[in-house]
Structure formats: structure tokens, C-alpha cells
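For reference, the structure is listed below as C-alpha cells.
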Amino acid sequence: MDKELLLYNYFANQLTDDEQLLFDELLKNDLDFKAQFEFEKDLKRVIKEYVNEDLKEKLVGYEREISGKDKSKPSKWRFKNWSIAASIALLIGLGWIGIKSFSGPDYNELYQDNFEGYPNTVYTISRADGDSTRERDAFAAYEAGEYEKAVAAFQELRSMGGISHGDFYQALSYLQLGKNTQAIDLLKNVMLNDEVFRAEANWYLALAYLKDSDKVNAVAALKRHVQDFDYNKEKAEALLRELD
């Protein structure tokens, strides 16, 4: 697929699941693609900031112009001018709100800015360890970024009764592969059954909803996070402000 089109679809929130996988792969391994992505993301941010500042300057300038003319006019004329100014300000404001409402938050960008892989803190992988168990294979694949292998190994362990915290790491493997539906199901299960990783699971659950552009569930998960957990609490608060 054309890389420019891939970037366009990303910023338009129109990536398919397959395109998202390709996008993530290019972002990780293609330095030119990553540089172009960072450039366009920064450009978008600068334009947004410029539009905000330009709008403020125009309103202030118009207010000064009206104020200067008002001094030589009777009160009825001043009232008329201020009515016009207020109407223009309202129309511009509504127009800007409309632009923001139409474009909406960039869910992909919010996800990319906040998603970080979680380290393996459960099973210590030692090169001197010659044992080859399914649990070791699962966590070794996870550490190596071989997420397809990790998913298969964790799934096999689940079919055999499961291991401690296996669902959490299988869910994160699914997220890395762009398989949000499977990740969300497992993260919900972790929330119910794994006290150790409950906070982390809720954080990644919110991010998974973000990646799906599911604002309602993302906001609900983030509000729960701010209320109940300390893990990444400030990031959750910042995301809520972005989604407001």
C-alpha cells in the first residue's frame, strides 16, 4: 500500500485493521516513514495552535477597532456596533467549535502518544536456563517482540488451565498485533480476576477503546482509572481533557 495514503488514512482515522498492522510495522522498522509521520504530526499540532492564536488576535483586533470608532458615536450606534461584534465573535466561535466537532479527537494519535509496551515482570528469562517449558516459551516470545508466537503459547497455556497473569500478557500481545477485540475481552477478564494487574489492565483497556475510536467506553475506563488507581493517573487525567 502507498505510504502516503497510509499516513492520510491514519490522520483521518480511517485505517482498517490490516492497514493498522502495516502502519505499526512501518513505524517500528522504517525510519523514513517514522520521520514523515513525526513531521506531519508536528505540522498538524502547529496548525491547530496557529488557528487558535490567529482567532484570538482577530477578535482582539476587531474589538479595538470597534472601541476606537465608538468614542465619536452616540450610544445607540455604540450598542449597534457592539451587537455586530458580539455576533461575529459568536459566529466565529461556533464555526471553530464546528470545526473541532467535525474533526473530533485524533484517536490514533492519542493512542500512539500514550501506548507503551509493558515489561515482563513475571517470569525471569535466563540464558543459562536450559529448560524449555511452555510458560518460558510464552514469555521469551513476548520479550522478543514475537507476539504471534506469544499469543499462541499463552493460548495453549489457557487451554491447559492457565498461568498466573497469563491473560494480561496475552492481551498486550494482541494489542501489539492490532487485535483489539481479543485484547479487550482478556483485559476485562484481568480486571475481574487478577488483582495484581488490575490497574494496568484498566489503563490498557482504555487505550484499546481509544484505538477503536470508542469514546464512550474510553472515557468511562479513564474516569474509573482516575478514581480507583494511581498507575498512570496523570496520563489518564490528560487524556480525559483531550477527549472533553
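Among the residues of segment 187-212 satisfying the criterion of being under 12 Å from F168 (Cα atoms) and of a type in the set (D, E), which is surrounded by the fewest Cβ atoms within 10 Å (Cβ to Cβ)?
My answer is E195.
Test of understanding: among G145, G161, which residue is free of Cβ contacts under 8 Å to residues at least 24 places away in the same chain, out of contact with any helix residue (DSSP H, G or I) (no Cβ under 7 Å at 6 or more places or on another chain), of a type in the set (G, A, S) and not in a helix (DSSP H, G or I)? Step through it out loud before you land on a result.
Working: G145 fails: free of Cβ contacts under 8 Å to residues at least 24 places away in the same chain.
G161 is the lone residue from the list that is free of Cβ contacts under 8 Å to residues at least 24 places away in the same chain, out of contact with any helix residue (DSSP H, G or I) (no Cβ under 7 Å at 6 or more places or on another chain), of a type in the set (G, A, S) and not in a helix (DSSP H, G or I).
Could you please find all residues in segment 27-38 being of a type outside the set (S, T, N, Q) and more than 18 Å from the chain's Cα centre (by Cα)?
Listed by number, the residues that qualify are D30, L31, D32, F33, A35.
Which count do you get for residues in segment 179-195 that are outside any helix (DSSP H, G or I) and either farther than 18 Å from F229 by Cβ or of a type in the set (F, W, Y) (or both)?
1
Residue-wise test of (1) among the aliphatic types (A, V, I, L, M); (2) in contact (Cβ under 8 Å) with a residue 24 or more places away in the chain; (3) closer than 22 Å to T181 by Cα.
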| site | (1), (2), (3) |
| --- | --- |
| L7 | yes, yes, no |
| L22 | yes, no, yes |
| D32 | no, no, no |
| Q36 | no, yes, no |
| K44 | no, yes, no |
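Pick out the one residue from Q227, Q170 that is of a type outside the set (F, W, Y), surrounded by fewer than 17 Cβ atoms within 10 Å (Cβ to Cβ) and assigned to a helix (DSSP H, G or I). Step through it out loud before you land on a result.
Working: Q170 fails: surrounded by fewer than 17 Cβ atoms within 10 Å (Cβ to Cβ).
Within the list Q227, Q170, the selection yields Q227.
Say we look at segment 1-26 and pick out the residues that are acidic (D, E) and part of a helix (DSSP H, G or I); which of these is nearest to Y209 (Cα to Cα)?
D17
We did not get these values from a lab; they are worked out from the coordinates using the rules stated. Predicted model only: the values in this text are computed from it and were never measured. Cβ sites come from the backbone with ideal geometry, for glycine too, and all protein chains shown count toward neighbours.
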